Amino acid sequence: MARKFAGPALAGSLAAVALGLPASTAAASVPQCATSQLKVSLGQFDGGVGHGGYPIIFKNMGGACSMYGYPGVDGLTASGKTVVHASRRLYGYLGGTHKITTVTIATDRTASAFFEGLNSDLSSTPCPKFSQLAVTPPNDRRSVRIRATPLCHPEIHPVVPGSSGSLGL
């Protein structure tokens, strides 16, 4: 699955367009997003050649806010025990971006980060079994739990504008 790199200017422009502000002032004029103002959900599962994953979508239910970097993502058992932490990577087989940028999200708009991993483990180590994810938006400490399909060697990619979890690949 080859995706073409659109360039870092596109990310800043998309963020500014969401608010109707010049790219240079869009991120500086809004506060960081708080977990309490975000609706966190999973997008559609995607897969290919032993990989699987889905975008984690952050819908802004409050006033305009910004995000930068990686969300925290932990795999949890049904009882809430953490069994795996997703590794942070710019991009992987199915999603991500080439550069971390500040994403400004207007009210009722979305940003996302792609969560992916392997469908099975090729080593002798069994994959962790989890049924939920604890997702912590960048720059916040409160997590949201959502149901999830377990993956081996999970990775999380940086937040990007929109709901696909990918930009510029």
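The values are calculated or read from the model by the stated rules, or taken from the named source; none is laboratory data. For clarity, every value in this text was computed on a predicted model and none was experimentally measured. We place every Cβ from the backbone using ideal geometry, glycine too, and count neighbours over all the protein chains shown.
Annotations
- Subset of the stretch 109-130 that is among the aliphatic types (A, V, I, L, M) and over 13 Å from HIS51 (Cα atoms) - its residue that is surrounded by the fewest Cβ atoms within 10 Å (Cβ to Cβ): ALA113
- Residues in the stretch 112-132 that are polar (S, T, N, Q) and modelled with pLDDT under 90: ASN119, SER120, SER123, SER124, THR125.
- Residues of the stretch 65-108 satisfying the condition of being polar (S, T, N, Q), surrounded by 16 or more Cβ atoms within 10 Å (Cβ to Cβ) and in contact with a strand residue (DSSP E or B) (Cβ under 6 Å, 6 or more places away or on another chain): SER66, THR97, THR102, THR104
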